[in-house]
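Worksheet: the structure to be examined is printed underneath.
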Amino acid sequence: MISSTIRAPRYGQGRAGGKLIVDGRDEVVFRKAEIAFKPLTRAQKRSLLKLLDATRETFNAALQERRDAYQHPSRTKIDMFQQFGHITGLRGVRDDVLVWGIQPLRWSMRRVDEAFSAFFRRVSTGETPGYPRFKGKGRWRTIGYDETTGWKLNLGGTKKHPRPHLYVQGVGVIPLSNPAVRQLRQYAERGGVPTTLTLTRANKEGSAWRASIGFGDLAVEQLPVAQPGSTAGIDRGVAVLVALASGATAAEAMRAPETSGIMHHADDLVSRLSSIRAAIIALQQDRSGKKKYGRRWRQLSRRIARLHRRASNIEENWARHTAKHLVTEHEVIVLEDLNLQAMMRSAKGTIEEPGKNVAAKSGLNRALAQAAPARVARWVAVKAESAGLGRRIWLVNPANTSQQCSACGVIDATNRITRETFYCGSCGHYEHADINAARNIRARGLAAERAWNEAGRPGLVRPKPRLRRRKRPPPETAS
Ligand SMILES: [Zn+2]
């Protein structure tokens, strides 16, 4: 499991320190398979939407209870397991919300619990706390199951429904497409066991949905390293999305950055995105002359949203391939510590709400490409973990990586003479600016790795399981 950046301890001092987030020692990993589906019948669609509303209602009720308790002078604290206990009390009173089983309701309560934990964490660290909020219909799209009751993945079909399908209690049989079945079978062949499920409404009407099935115990690939012992430092810019320095000389890098395997240019990605950008701008201009929310306006909006999704998919594929290449080549990969979690959120935002977040304010061009470096970082971590064989991912301090000379170590803001060129006024070192930055990142990773070796190569700090039962107070005995 990839260690969260919050828990990962630092190895090494100052700038030469770093956090290890993947150690390549896992035998098995957890992965999610995403499947798009449409409800088979109107009744199934209605049932899914009703379940979505029941879980939202549960979230809001559980939140209300916690708020009341928190604001009460006694400051009573209610925990998740106490709230789980309320579900059985619904029997005979609200049987309508129990037809799907208790798991989806528990999942909503866990979401409340997480919202409160995050709230109290922000309070304790002095951040803007932001009290957990009630969810309106537009802000609640997902139904979840943390355990394997209430649903079943039947890849071999059943007697009554011989084709592969996903069965959900109270919703019925959801058929799986052939590509989905192929992916799910692959996971099963690697020993994967389906353990969690989420169902997400993919459009407003509820006619399109996504199922995400989490597989535990998936055997790692044990993918051999093409250059054993090699360490890559990765600089994530926007013009050149990824540059890495694995030991080639400055002269080699300047002569043939594309062919020496030192830089990954995103020219292809950028040109494909810019044609989409042109199409989006044309449609937006067309739309501006139409009556807002009219038939034609909505039609154009749908086409714009589709283009945003396409751009996002192209970027995701590019990031995945680049990451796979990096992980195949190198044993150790060093990235800048740029708040991976926030980046993962932003990359996700562009997928989920293409019309809203992207292109709103800050220039469409940048918006279309800005998630790419973060996507590469995320995929590098995921692919390295799956590859196994001792692969390590380090996150290092990003300060001054573009202003420091990789040859003599002097930091000077005037060293970067153009966006592309680095020239050290102190020692005369001259190099492509992104490669110079990548070398600095690599050097910081190597220093952290040395400190880690001296510490005896300790394993990762594993995040705690999500559903950990707290010790309950013993039941009060009547005397
Ligand atoms: Zn220098």
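Within the stretch 404-442, being assigned to a helix (DSSP H, G or I) and under 20 Å from ILE333 (Cα atoms) holds for ALA433, ASP434, ILE435, ASN436, ALA437, ALA438, ARG439, ASN440, ILE441, ARG442.
For the stretch 184-199, filtered to residues that are touching an Asp or Glu at 6+ places or on another chain (Cβ under 9 Å) and surrounded by fewer than 19 Cβ atoms within 10 Å (Cβ to Cβ), the residue that is nearest to ARG306 (Cα to Cα) is THR195. When you look at LYS464, is it modelled with pLDDT under 85, open to solvent by 30 Å² or more (accessible area, probe 1.4 Å) and within 24 Å of GLY18 (Cβ to Cβ), yes or no? Taking the combined requirement at face value, the residue satisfies it.
Counting only strands (runs of 3 or more DSSP E) wholly contained in the stretch 153-222, the ones carrying 1 or more residues that are under 12 Å from ALA36 (Cα atoms) and in contact with a Lys or Arg (Cβ under 7 Å, 6 or more places away or on another chain) occupy 172-175, 193-201, 209-219.
Residues that are of a type in the set (Phe, Trp, Tyr), more than 30 Å from PRO373 (Cα to Cα), surrounded by 13 or more Cβ atoms within 10 Å (Cβ to Cβ) and not assigned by TED's automatic domain parsing to the domain that holds ARG375 are absent from the stretch 270-293. For the stretch 89-144, the tally of residues that are touching a Gly at 6+ places or on another chain (Cβ under 7 Å) and assigned to a loop (DSSP other than H, G, I, E, B) stands at 3. Taken over the stretch 274-312, the criterion of being outside any helix (DSSP H, G or I) and hydroxyl-bearing (Ser, Thr, Tyr) is satisfied by TYR293 alone. Among the residues of the stretch 298-329, those that are in contact with a Gly (Cβ under 7 Å, 6 or more places away or on another chain) and among the aliphatic types (A, V, I, L, M) comprise ILE304, ALA305.
Looking at this structure, is ASN440 assigned by TED's automatic domain parsing to the domain that holds GLU331 and either crowded, with 23+ Cβ neighbours inside 10 Å or under 17 Å from GLY233 (Cα atoms) (or both)? Explain how you work it out, then say what you get.
Details: assigned by TED's automatic domain parsing to the domain that holds GLU331: yes; either crowded, with 23+ Cβ neighbours inside 10 Å or under 17 Å from GLY233 (Cα atoms) (or both): yes.
Criteria met by ASN440.
Let's see how each residue does on (1) in a helix (DSSP H, G or I); (2) modelled with pLDDT of 90 or more; (3) crowded, with 18+ Cβ neighbours inside 10 Å:
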| site | (1), (2), (3) |
| --- | --- |
| SER4 | no, no, no |
| LEU20 | no, yes, yes |
| GLU34 | no, yes, no |
| PRO39 | no, yes, yes |
| ARG46 | yes, yes, no |
| LYS50 | yes, yes, no |
| ALA54 | yes, yes, yes |
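Flag: ALA61 matches the condition of being of a type in the set (Gly, Ala, Ser), closer than 17 Å to TRP140 by Cβ and not in a loop (DSSP other than H, G, I, E, B). What do you reckon, is GLY156 modelled with pLDDT under 90, more than 20 Å from ALA62 (Cβ to Cβ) and open to solvent by 60 Å² or more (accessible area, probe 1.4 Å)? In short, no. Checking each residue in the stretch 94-121 for being basic (Lys, Arg) and open to solvent by 20 Å² or more (accessible area, probe 1.4 Å) picks out ARG94, ARG106, ARG111, ARG121. Among the residues of the stretch 381-430, those identified as charged (D, E, K, R) and over 25 Å from PRO228 (Cα atoms) are ASP412, ARG416, ARG419, GLU420.
The residues of the stretch 377-410 that are touching a strand residue (DSSP E or B) at 6+ places or on another chain (Cβ under 6 Å), within 16 Å of the ligand (Cβ to nearest atom) and open to solvent by 40 Å² or more (accessible area, probe 1.4 Å), listed by number, are ASN400, GLN403. Restricting the stretch 415-442 to residues that are within 13 Å of the ligand (Cβ to nearest atom) and of a type in the set (Gly, Ala, Ser), the residue that is farthest from ALA399 (Cα to Cα) is GLY428.
The values are calculated or read from the model by the stated rules, or taken from the named source; none is laboratory data. Keep in mind it's a predicted model, so treat the numbers as computed, not measured. Cβ: placed from backbone, ideal geometry, glycine included. Neighbour counts: every protein chain shown. Keep in mind that these areas ignore ligands, DNA and RNA; they rest on the heavy atoms of the full protein, side chains included. Shrake-Rupley method; radii C 1.70, N 1.55, O 1.52, S 1.80 Å.
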